[in-house]
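*Asks:* Got a structure here, written out as structure tokens. Questions coming.
The values are calculated or read from the model by the stated rules, or taken from the named source; none is laboratory data. Keep in mind it's a predicted model, so treat the numbers as computed, not measured. Because the Cβ atoms are built from the backbone with ideal geometry, glycine has one as well, and the counts that use them run over all protein chains shown. Note: accessible area is taken over every heavy atom of the protein model, side chains too, but ligands, DNA and RNA are not part of it. Shrake-Rupley method; radii C 1.70, N 1.55, O 1.52, S 1.80 Å.
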Amino acid sequence: MTDAAEQISHFESIISMDQCIEPKDWMPEAYRKNLIRQISQHAHSEIIGMQPEGNWLTRAPSLRRKAVLLSKIQDEGGHGLYLYSAAETLGISREEMIDALQTGEAKYASIFNYPTQTWADVGAIGWLVDGAAIVNQISLQRNSYGPYARAMVRICKEESFHQRQGYEIMLTLSRGSEKQIQVAQDALDRFYWPSLMMFGPHDSESAHSARSMAWKIKRETNDDLRQKFVDQTAPQIQILGLRHPDPKCIWDPERGHYDMGEINWEEFYSVINGNGHCNRQRLEHHIDAHEEGAWVREAMQSYHEKKKQQSYAKAS
Ligand code: 3HC
């Protein structure tokens with residue numbers, strides 16, 4: 001068997017045995033590129049996702065809510081760092097990834113291009129957005145690339161706190177005054193459908209799913225994960241006593257799942273192609289913050305250079 005054939009068969013045997021490909025293993029270029037695409041965009045989503053919630057830090061209704069929100073936002077920054085580090089093991093630099101984000105070449109989750117207009121939006125994001133992310137990320141804990149799978153284990157633990165704090169905000173509002181119930185309903189109506197979009201296009205429209213499933217980068221399809229999320233969310237909406245945004249979301253005892261209406265895919269593609277409410281604002285804010293933080297990166301760089309020179313001098 002030629003070397004190339006041996007490499008491919010070894011790669012395929014690791015995947016077929018549900019084991020992990022590690023950074024030093026041989027991997028097909030297309031596998032590496034697909035992982036860089038997905039992991040870096042996942043990281044971008046974590047970092048950009050800090051902005052909509054950060055918008056409410058100074059206006060949280062109590063010190064407790066502010067402290068919880070601050071801790072959640074800090075977690076998201078950490079998730080971004082784990083994921084950028086996982087992507088770097090595939091041979092791409094942090095600078096290249098940040099550049100791809102800031103030039104608009106790389107994507108991030110479309111939901112973060114929706115504005116957070118009320119405090120209830122912070123609850124809806126924690127409950128629905130982090131809830132959808134958990135459904136997806138629990139599945140990704142079993143993906144075939146070692147550093148990505150391991151990053152997911154810790155991220156999932158922190159996401160469950162994020163989801164619970166969001167649902168608690170919604171529960172508090174839904175047990176409150178008429179106005180608070182109305183604000184909670186409004187947030188649910190505005191964030192429900194974009195949360196379903198987080199699972200990507202239908203499997204039949206998905207550009208990457210078939211290959212990602214074959215390589216076990218994805219362990220469940222976009223539509224299967226979306227169905228899981230819809231099934232878990234419908235009873236939660238009932239507990240809140242709010243109106244479900246999807247009138248077609250009705251339990252089908254034969255399927256053992258909730259039915260769902262059609263997602264507005266025109267809106268989905270319009271937002272991911274840059275026409276959402278906040279696309280420009282999110283990137284401008286990221287670029288400003290990145291430029292403001294340049295001195296920290298330069299200071300760290302020169303510190304490391306100096307440490308390296310000192311250790312060379314000692315060694316010689
Ligand atoms: N927002 C933006 N772009 C999206 C999208 C969304 N909701 N759903 C799909 N897309 C893009 C894909 O990136 C792809 O574009 P590309 O070729 O330029 O990368 C295109 O639409 C076609 O979609 P596919 O289904 O073919 O793409 P994937 O196979 O990559 O599936 C995915 C999309 C399900 C998002 C998959 O990439 C994935 O599971 N990513 C990891 C999870 C993730 O990124 N989650 C984002 C949210 S993280 C988060 O919410 C943090 C939380 O703490 C708040």
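*Asks:* Which of the residues that make up the stretch 175-211 are of a type in the set (D, E, K, R) and in contact with a Gly (Cβ under 9 Å, 6 or more places away or on another chain)? Working first, answer last.
*Replies:* So in the stretch 175-211, the residues of a type in the set (D, E, K, R) come out as 175, 178-179, 186, 189-190, 203, 205, 211.
Across the stretch 175-211, the qualifying residue is only 175.
*Asks:* Could you tell me which of the residues 69, 83, 101 is within 16 Å of the ligand (Cβ to nearest atom), assigned to a helix (DSSP H, G or I), over 16 Å from the mean Cα position of the chain (by Cα) and not charged (D, E, K, R)? So that I can check it myself, show each step before the final result.
*Replies:* Values: 83 fails: over 16 Å from the mean Cα position of the chain (by Cα); 101 fails: over 16 Å from the mean Cα position of the chain (by Cα).
Step by step, each of 69, 83, 101 is checked, and only 69 is within 16 Å of the ligand (Cβ to nearest atom), assigned to a helix (DSSP H, G or I), over 16 Å from the mean Cα position of the chain (by Cα) and not charged (D, E, K, R).
*Asks:* How many residues are surrounded by fewer than 18 Cβ atoms within 10 Å (Cβ to Cβ) and part of a helix (DSSP H, G or I) if we restrict to the stretch 86-98?
*Replies:* 3
*Asks:* Can you find even one residue in the stretch 263-276 that is loosely packed, with under 12 Cβ neighbours inside 10 Å and assigned to a loop (DSSP other than H, G, I, E, B)?
*Replies:* no
*Asks:* I'd like to know if the stretch 281-292 contains one or more residues that are outside any strand (DSSP E or B) and either in contact with a His (Cβ under 8 Å, 6 or more places away or on another chain) or closer than 14 Å to residue 114 by Cβ (or both). Break it down into steps so the answer makes sense when it comes.
*Replies:* If we filter the stretch 281-292 for residues that are outside any strand (DSSP E or B), which is where we start, we get 281-292.
Checking which are either in contact with a His (Cβ under 8 Å, 6 or more places away or on another chain) or closer than 14 Å to residue 114 by Cβ (or both) leaves us with 281-282.
The answer is yes, given that some residue of the stretch 281-292 is outside any strand (DSSP E or B) and either in contact with a His (Cβ under 8 Å, 6 or more places away or on another chain) or closer than 14 Å to residue 114 by Cβ (or both).
*Asks:* Does any residue of the stretch 18-34 turn out to be near the ligand (Cβ under 10 Å from one of its atoms) and either under 17 Å from the mean Cα position of the chain (by Cα) or open to solvent by less than 30 Å² (accessible area, probe 1.4 Å) (or both)?
*Replies:* Of all residues in the stretch 18-34, those near the ligand (Cβ under 10 Å from one of its atoms) come to 34.
Narrowing the set further to residues that are either under 17 Å from the mean Cα position of the chain (by Cα) or open to solvent by less than 30 Å² (accessible area, probe 1.4 Å) (or both) leaves 34.
Among the residues of the stretch 18-34, at least one is near the ligand (Cβ under 10 Å from one of its atoms) and either under 17 Å from the mean Cα position of the chain (by Cα) or open to solvent by less than 30 Å² (accessible area, probe 1.4 Å) (or both), which makes the answer yes.
*Asks:* So in the stretch 169-219, with the set limited to residues that are among the acidic types (Asp, Glu) and away from the ligand (no atom under 16 Å from the Cβ), which one is surrounded by the fewest Cβ atoms within 10 Å (Cβ to Cβ)? Spell out the reasoning first.
*Replies:* Going through the stretch 169-219, the residues among the acidic types (Asp, Glu) turn out to be 178, 186, 189, 203, 205.
When the remaining residues are screened for being away from the ligand (no atom under 16 Å from the Cβ), the result is 178, 186, 189.
Details: 178: 7, 186: 16, 189: 14.
Out of the qualifying residues, it is 178.
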